[in-house]
Each structure stands twice: as structure tokens, then as C-alpha cells.
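Here the structure is laid out as C-alpha cells; the discussion comes afterwards.
The values are calculated or read from the model by the stated rules, or taken from the named source; none is laboratory data. This is a predicted model, so every value here is computed, not measured. Here the Cβ is made from the backbone with ideal geometry for all residues, glycine too, and neighbour counts use every protein chain on show. Each accessible area value is taken on the protein alone, full model and side chains, heavy atoms only, with ligands, DNA and RNA left out. Shrake-Rupley method; radii C 1.70, N 1.55, O 1.52, S 1.80 Å.
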Amino acid sequence: MDFRFEYAPGTIRYGEACVAGLADELDALDAERALVVTGRTVGQSADVMDPVETGLGETHVGTFAETTPEKRLGTAFDGADRVEDVDADALVAVGGGSSLDIAKITAVVAASDQSYDEIRSTFEESGSIAAPEGELLPIAVVPTTLAGADLSMIGGITARNDGLIRGGVYDERLMPDALFYDPELFRTTPHGVLCASAMNGFDKAIETLYANTASPITDGTAVRALAHLGDGLPALGEGDRDDETMHDVVVGTVLAQYGCSRPDGLTLSLIHAFGHGIARGYNVQQGDAHSIIAPHALRYLFEEVDGSRELLAEGLGVEAATPEGMAEGIVESVIEVRDALGLSTQLREISDMDESDLPDIAQNVHDDGLMPYCPEGLNPTVDELEGVLREAW
């Protein structure tokens, strides 16, 4: 097997109180004035913000605590204004994926010579924002959820015109320069939020193994991720947050996303495309969208292609004598993790979704930018995707 693996993640620090090293890592990036980007809830949590601010020390010049799960483009504009107000030369994103994405888009907007109206107009027309040439503000991230949005070159954003517009930026300069994984900070996240985010991270490890951009390097990290997550997530769902459980779920999530966002493509495909289609415009978080669709998407996948089932079985500890038994064992393992996390199981549970919406959702899934990364031989039609959605209804 020939492969090329180009990947340059930022410095990764893991461990209790690792955020004490924030100022040191920023100093290594020649940054002296850091603006913290976070959500309102996290921004009011002393258990999170006190250690972050202590770790930053004199480097901390302000906090922008305005991010929301909707990840509005206007919030990034406000963030760029705050960057200018405090003369920040670095961003520190703290919290879930929304804060990480807003920090990335803020860095792009702050470096752009276009007006906000021009940026918004381009985004509304194309669903994307062009990252300007040159350097962007360095970004450090302190995640507090398990969605695996950290080791990524993607910054997602939304805007409202006549409807909801989703899109963003994909640029290797958006890979965070430093990442801090402190199990104690993950413990501050409410149970339901942490469990839902975990399903998204878990599915990154699943998809990394069968995407057509997989490599022996990502195979190794993804299999190890599944071993950690297969042990840690059921315990997390039961309410355990002891050292062993938190080590498994945090380290597992780091490994799940290692190498899945690279200059030459992503290792996300079918499940994440379904997740985008289901969550787009509906009152459901990505983690719940994944929990509903993943077993059905995997059954469809295994009907069509091998889907790297031996590697998946290895990571999930599935023992079976036949390929068919292996596939069913993998699906059952995913269901067990989902149910242990207490997540949604049917599309009909989404309050503002109607069964008549499924054809349009299927079309959105078919057109999603992650579908080209499906394994070789998997070429779903819109009707086939709708069939998977109806199985999940």
C-alpha cells in the first residue's frame, strides 16, 4: 500500500493542571497578548476560567465570552473587533466546538482586508470564507467537550439570510498551534453535554478506519482510540468520572482525531455527512444526530463494501468467525456505546423534523462535502440514503 501522510498538529499537552503551561506555549509562539474566546456559560465558570487565566498570567489581555452553539458569523465579527480593541496577538479558545470554530473564523476575519459586509456577502453566496494570505493569529485551544473538533483545520460557521447558511473555512493555518487536554476541566461539563459530544468524537475513530484517505498511521491511532473509548464511554455514561475513565475518554478522543484533518483531505465520510444533513436547520446537536444514524449508516456501509471491518472489530474488541458476524458485532458495539451514553435513537425524536423532510435531507447528505471520502466502491444514490434515513425514522 502506497500512501503519503502530511500532518502538522500543534503541540499537545495532556494532564491535570496542564493549562498552567499556557503562557510558556504562547511564549514559544512569540505571542504576548492573548484574548480568550469562550461561551457565556464556560466564561462564568470559575472552575474553568481560574486555571486558564492563571496559566496565561500577564499574557491574558481580555476574554470574549460570546460564542453560542449556533456559531454565528456575526459573533466572529464581534470577536475580531475585540481583537483590535485589546491588540491581541493570539487567541485561546476554551470550551466546546463552537468556541473553537468561532476562534478560527475570528482569526481569519481579523486578518482579512475585506469589510464585514463583503465577507458576509461572499459567505451567503458560496458558504465559504477565503482565508487571506500571510500569517493568521496563532490559536491555542482548551477543549472541555469530547466532540474532537480540536485537531482540525476546519472552522465552521453559520449565518441567516432567507434561511440558515452553513459553511466555513478549510485551511491548514487553522490547525491550532497548542492544545491543552486537562481531565479536570472536562469534569466541569454537564453530563448530557459531555455524553452527546462523545458520540461525535467516537464516530471520528470509526470513520477514520474506512475513509479512502486512511493510512497505516491513522489506522493505528484510530484502533487505539476505539480501545480507549470502548472502555471509557460506557463508564462515562453511567456517571463515572474517575481518573481511569477520564483518561480513556480524553486520550481516546485525541487519538480519534489524530490525522483526520490534513491538507490532503479528511478521514470523515458517511456518518458525518449524515450528521450534517440531519443537524442542518433542525433542533438537534451533532452528537445526537450521530447517535441516531450511526448504526443504520454502518449497516448500509457493510452491505456495500468491506468497510475495514477487521480493524473496527479489533478496536472494538469484536470476535466473530465470519465477515457478516463481524459487521453485526461492530454495529451492536456502536449501539451499546450509544445506549450507555443515553442518547437519542430515532429521527422521530427530533421535535421539528417531519418524515416528509427525509427526501430533502437525503439530497443534502448526498451533496455534502465529506461524501467523496467514502470508501472505494461506496457510491450511494439519493434514494439509498433516503432509505437509511427511513430505517432511522
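Mind checking the angle between helix 243-257 and the chain's longest principal axis? C-alpha axes, 0 to 90 degrees, to the nearest 10.
90 degrees
Roughly speaking, to the nearest percent, how much of segment 27-94's 1.4 Å accessible area is carbon and sulfur?
38 percent
What angle, in degrees between 0 and 90 and rounded to the nearest 10, separates the Cα long axis of helix 116-126 from the longest principal axis of the Cα atoms of the chain?
10 degrees
Just to confirm the filter: which trypsin sites (Lys or Arg not before Pro) across segment 110-207 are DSSP coil and have at most 16 other Cβ within 10 angstrom of their Cβ?
Listed in order of number, the matching sites are R187.
At D354 and T188, where each label point lies 7 Å from the Cα along Cα→Cβ, what is the point-to-point distance in nanometres?
The modelled label-to-label distance comes out at 4.3 nm.
Over the chain, what is the relative contact order in whole percent, taking alpha-carbon pairs under 8 Å and six or more residues apart?
15 percent
What distance in nm lies between label points placed 7 Å from Cα along the C-beta direction at D2 and W393?
For D2 paired with W393, the spin-label model returns 4.6 nm.
Can you give me the relative contact order of segment 1-106 as a percent, contacts being Cα pairs under 8 Å and 6 or more apart?
Answer for segment 1-106 is 33 percent.
Rank V19, L91, T122 by how far each Cα sits towards the positive end of the charge dipole of the chain (+1 on Lys, Arg Cβ; -1 on Asp, Glu Cβ) and give me just the farthest.
Value: T122.
What's the ranking of 69-77, 315-323, 348-356 by average number of surrounding C-beta atoms within 10 Å, highest first?
My ranking of the peptides, most packed first, is 69-77, 315-323, 348-356.
Taking a probe of 1.4 Å, how large is the accessible area per residue of segment 237-379, in Å²?
Per residue, segment 237-379 has an accessible area of 41 Å².
On full extension of the chain, what length is gained from D113 through D367, given 0.36 nm per residue of separation minus the C-alpha to C-alpha distance?
Gain in length upon complete extension: 88.3 nm.
Compute the distance from the alpha-carbon center of segment 272-314 to that of segment 53-131, in whole Å.
Here the answer is 30 Å between Cα centres.
With charges only on Cβ, +1 for K and R and -1 for D and E, what is the dipole size of segment 280-393 about its Cα centre, in debye, rounded to 20?
Dipole of segment 280-393, to the nearest 20 debye: 240 debye.
Projecting each Cα onto the charge dipole of the chain (Lys/Arg +1, Asp/Glu -1 at the beta carbon, about the Cα centre), which of Y181, I293, V305 comes out farthest on the positive side?
Among Y181, I293, V305, the one farthest towards the positive end of the dipole of the chain is I293.
On the accessible surface of segment 111-211, probed at 1.4 Å, how many percent belong to carbon and sulfur atoms?
In segment 111-211, the share of accessible area belonging to carbon and sulfur is 45 percent.
Which value in Å is the Kirkwood Rh of segment 297-379 over different Cα pairs?
It is 14.8 Å.
So if each residue of separation counts as 0.36 nm, and I subtract the Cα-Cα distance between T68 and A340, what length gain in nm does that give?
So the chain would gain 95.2 nm between T68 and A340.
I'd like the projected area of segment 187-244, averaged over all directions, using the convex hull of its alpha carbons. Report it in nm² with one decimal.
4.2 nm²
Report, in deg cm²/dmol and to the nearest 500, the calculated mean residue ellipticity at 222 nm for the chain, where each DSSP H run with n ≥ 4 adds -39500 (n - 2.57) and the sum is divided by the residue count.
Taking each H run of at least 4 residues, the total per residue is -16000 deg cm²/dmol.
May I ask you to give the solvent-accessible area per residue for segment 157-232, in square angstrom, as obtained with a 1.4 angstrom probe?
Dividing the accessible area of segment 157-232 by its residue count gives 32 Å².
For a quick size check, give me the Cα extents of segment 10-122 along its three principal axes, largest first, whole Å.
Each principal axis gives a Cα extent; for segment 10-122 these are 44, 29, 24 Å.
Can you compute the FRET efficiency between E303 and T41 using 1/(1 + (r/R0)^6), with r the Cβ-Cβ distance and R0 = 35 Å? Round to the nearest 0.05.
With R0 = 35 Å, the Cβ-Cβ based efficiency is 0.25.
Please work out the Cα convex hull volume for the chain and give it in Å³ per residue.
Convex hull of Cα atoms, per residue: 128 Å³.
Would you mind computing, in nm to one decimal, how far apart the modelled labels at V86 and E244 are, each placed 7 Å from Cα along Cα→Cβ?
Computed distance between label sites V86 and E244 equals 4.1 nm.
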